[in-house]
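Peer 1: I have a structure here, written as structure tokens, and I will follow up with some questions on it.
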Amino acid sequence: KREQLELLATVEAVTRDGVNLSLAGNISSVKELNLALKYGAEGVGLFRTEFLYMDRDSFPSEEEQFEVYKLVAEKVGNHPVVIRTLDIGGDKHLDYFQLPEEQNPFLGYRAIRISLDRKDMFKTQLTAILRASVYGKVKMMFPMISSLEEVQAAKAVLAEVMEELEQRGVPFDRNIPVGIMVEVPAAVMIVDILAEEVDFFSIGTNDLVQYVLAVDRMNEQIAHMYHPYHPAVLRLIRMTVEAAKHAGIEVSVCGEMAADERSLPLWLELGINNLSMSPQALLKVKHRTLNTVAAEAREVAKACFRMRTSSETEAKLSAYAKVSG
Ligand code: PEP
Ligand code: MG
């Protein structure tokens, strides 16, 4: 079965009735990039950079980061690479960077909040990303945005870094696309406002589900309550897509929901053509795409958007995934 799937690596992801999807990889290392490319990823939709910072005893230097970002950009070639700035805190820690003891780490000192607080470290990373931007189609993305101020503050630091690079005479892409993760419900509620500030959205369903349902994504005891198909989640996703369309910016999905082939009807109905997922999921999602008639799947999704419980929706999508392939 695996060998048969691997034959699909070079095949385009297109539904039976001709809807083209772009399937990219989520990676956190060069090793994972190689796997993603082997499985036919059209670029990197999410480069989780925190792994560059882990398993060592100090922050990685600008040069060290630059080398990795450049290598990834070059290997990916003509496809985009979305580099996400550091997302530590929550469940991810660094030995050499003392994070506070927190009662609710996922609601605490995390991701962009740390970057904006530790500007030195943030600037080093932004500099490295910008320097790599001339070696491929690099895009930059900020995690865990919950307000307009955060986006503006991050962009102000970016502008500062651009000035400095200019002064150093170092080349970079002045028009590097800048986007945000939409993964906090507050961001969705002001998504029309945020759309005016950025070039793209990437929906992070892992955190979006945890935050909107108030269900810790790491807590085994309540894992049965972690429902990606909860109507609240579907509504938030739809709001995000509608705002992106209205503003004319790109939107993709990079959380685990994208890796669940049962979700495909939802993306087809919403008109989301860009999905990013763990390398291991690429071929099964492509296989499902090739066996799906978009016109039919959209009808299934329309029914799902009217459903009142996650179990109904999950049952409907599971059943459809079985019959259509
Ligand atoms: C997400 O939250 O959906 C996401 C893709 O980011 P991470 O899993 O790294 O938090
Ligand atoms: Mg996240």
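Peer 1: Between residue 2 and residue 17, what is the label-to-label distance in nm when each label sits 7 Å out along the Cα-to-Cβ direction?
Peer 2: Between residue 2 and residue 17, the simple spin-label model gives 3.6 nm.
Peer 1: Any idea what diffusion coefficient the stretch 277-325 gets from Stokes-Einstein, in µm²/s, Kirkwood Rh on alpha carbon pairs, 10 °C, 1.306 mPa s?
Peer 2: 136 µm²/s
Peer 1: Distance from a point 7 Å along Cα→Cβ of residue 63 to each backbone N in the stretch 157-173: keep the residues under 17 Å and list them by number.
Peer 2: Those under the cut-off are 170.
Peer 1: Then there's this: Could you tell me the center-to-center distance, by alpha carbons, between the stretch 31-82 and the stretch 96-137 in angstrom?
Peer 2: Their Cα centres are 16 Å away from one another.
Peer 1: Here's a follow-up. Quick check: net charge around residue 52, other residues with Cβ under 15 Å of its Cβ, Lys/Arg +1 and Asp/Glu -1?
Peer 2: Neighbour charge sum, excluding residue 52 itself: -3.
Peer 1: Residue 214 to residue 323: extension gain in nm, 0.36 nm per residue of separation minus the Cα-Cα distance?
Peer 2: 35.9 nm
Peer 1: Then there is this: So how do 131, 56, 217 line up by other beta-carbon neighbours within 10 Å, fewest first?
Peer 2: If I rank by nearby Cβ atoms, fewest first, I get 56, 217, 131.
Peer 1: Arranged by the count of other C-beta atoms within 10 angstrom, fewest first, what order do 230, 93, 224 take?
Peer 2: Exposure proxy ranking, most exposed first: 224, 93, 230.
Peer 1: Separate question: When we measure straight from the Cα of residue 1, which lysines land under 30 angstrom away, once same-chain ones fewer than 8 places off are left out?
Peer 2: Here the lysines satisfying the reach criterion relative to residue 1 are 31, 38, 75, 284, 286, 316, 322.
Peer 1: Angle check, please: helix 148-168 long axis (alpha carbons) against the longest principal axis of the chain (alpha carbons), in degrees 0 to 90, nearest 10.
Peer 2: Once rounded, the angle reads 50 degrees.
Peer 1: If we count every other residue with Cβ under 10 angstrom of residue 288's Cβ, Lys/Arg +1 and Asp/Glu -1, where does the sum land?
Peer 2: +1
Peer 1: Neighbouring Cβ atoms within 10 Å as the yardstick, rank 66, 47 fewest first.
Peer 2: The fewest-first ordering by Cβ neighbours comes to 66, 47.
Peer 1: Sort out for me the Cα centre separation of the stretch 190-205 from the stretch 220-283, rounded to whole Å.
Peer 2: 14 Å
Any read-out appearing in this document is the output of simple, stated calculations on the displayed coordinates, not a laboratory observation. Everything numeric here is computed off the predicted structure, so don't read it as measured data. Glycine also receives a Cβ, built like all others from the backbone with ideal geometry; neighbour counts cover every protein chain displayed.
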